[in-house]
């Protein structure tokens, strides 16, 4: 401002410009006119006026910038979110759509590697199940021949022990075949059934053979499921309840979300809390002895778990307060 004043006055007058402090800083220009009279000019600096619409334009620009940034970040991380979701839901026994292998090179490479890994895991599991099924199936013939030959042997204690051992081996082989088949439970075609009549018929079959099986509850709805797999699940659970508790109670009801709950209860010793998850693994038995009569083969609940996954059900094991085990199957 001082330079502008001096340039405008030129060399005719000597101009002295000073800064005057205060609430609002200002300038004073002092000079002497041609007639000797002093002149003081007060200069109050002001800010450049802004248009009223300028803040709105700035806000719109910032909003557009944030929106574009969010969209760009979403495009960049969406494939990673899909990869994480696919990893959490990984189930080699189910046929699912492969991850999209498009996008940035690194993301596409990760998706392709994940798809290949899932295929290899499914192949390894398939080979394992096929080997188990083949061995179990092939063992049935020599076991049958051994039992026939033992039948012609002379009566003795050794013969009784041999027949008992062969019976245990045969039962273990049969359970192995059943477990191998349970891994393919999702190959059964779903059909619509009356769930009340289905379970009622199953329980009545046990009652007709003199077994202590009871049924309570009724929901009056139809269900689309794999009936053979569901029957095998309930049969294994009821057999366990009869074996370890002496009696089985089957309850059926539905919750507020529309899920159908089938519960098999017994009055047996239950399962220690630390083993409630482990008993679902193949060949795991809570019974520490090697007696098959008390401990079983360790495949019953493993088969139930595999078949439950095949029909899309959830299996929940818990001990009853009054004693015994509760196995709850949730069907949606």
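Couple of notes before you dig in:
- Listed conditions (1) under 26 Å from residue 176 (Cα atoms); (2) modelled with pLDDT of 80 or more; (3) out of contact with any strand residue (DSSP E or B) (no Cβ under 8 Å at 6 or more places or on another chain); (4) surrounded by fewer than 19 Cβ atoms within 10 Å (Cβ to Cβ) are all met by residue 229, apart from (4).
- The listed residues are 145, 118, and the only one of them that is on the phi < 0 side of the Ramachandran plot, in a helix (DSSP H, G or I), assigned by TED's automatic domain parsing to the domain that holds residue 87 and surrounded by 15 or more Cβ atoms within 10 Å (Cβ to Cβ) turns out to be 118.
- Extreme residue, modelled with the lowest pLDDT, among residues of segment 186-205 that are within 13 Å of residue 229 (Cα to Cα) and loosely packed, with under 13 Cβ neighbours inside 10 Å: 187
- Residue check for residue 162: surrounded by 14 or more Cβ atoms within 10 Å (Cβ to Cβ), at pLDDT below 90 and more than 24 Å from residue 300 (Cα to Cα): yes
- Note on segment 232-246: among residues that are within 13 Å of residue 327 (Cα to Cα) and surrounded by fewer than 19 Cβ atoms within 10 Å (Cβ to Cβ), the one that is farthest from the chain's Cα centre (by Cα) is 239.
- Residue that is outside any helix (DSSP H, G or I), surrounded by fewer than 12 Cβ atoms within 10 Å (Cβ to Cβ) and in contact with a helix residue (DSSP H, G or I) (Cβ under 8 Å, 6 or more places away or on another chain), where the choices are 24, 102: 102
- The C-beta contact set for segment 57-75 (first residue more than 26 Å from residue 108 (Cβ to Cβ), second residue modelled with pLDDT under 95, distance under 9 angstrom, 6+ apart or interchain) comprises 57/51.
- Each residue in segment 20-46 was checked for being out of contact with any strand residue (DSSP E or B) (no Cβ under 8 Å at 6 or more places or on another chain), closer than 27 Å to residue 10 by Cα and at pLDDT below 80, and 1 of them qualify.
The values are calculated or read from the model by the stated rules, or taken from the named source; none is laboratory data. Values in this document were obtained by computation on a predicted structure and should not be read as measured data. Here Cβ is always computed from backbone atoms with ideal geometry, including for glycine, and neighbour counts include all displayed protein chains.
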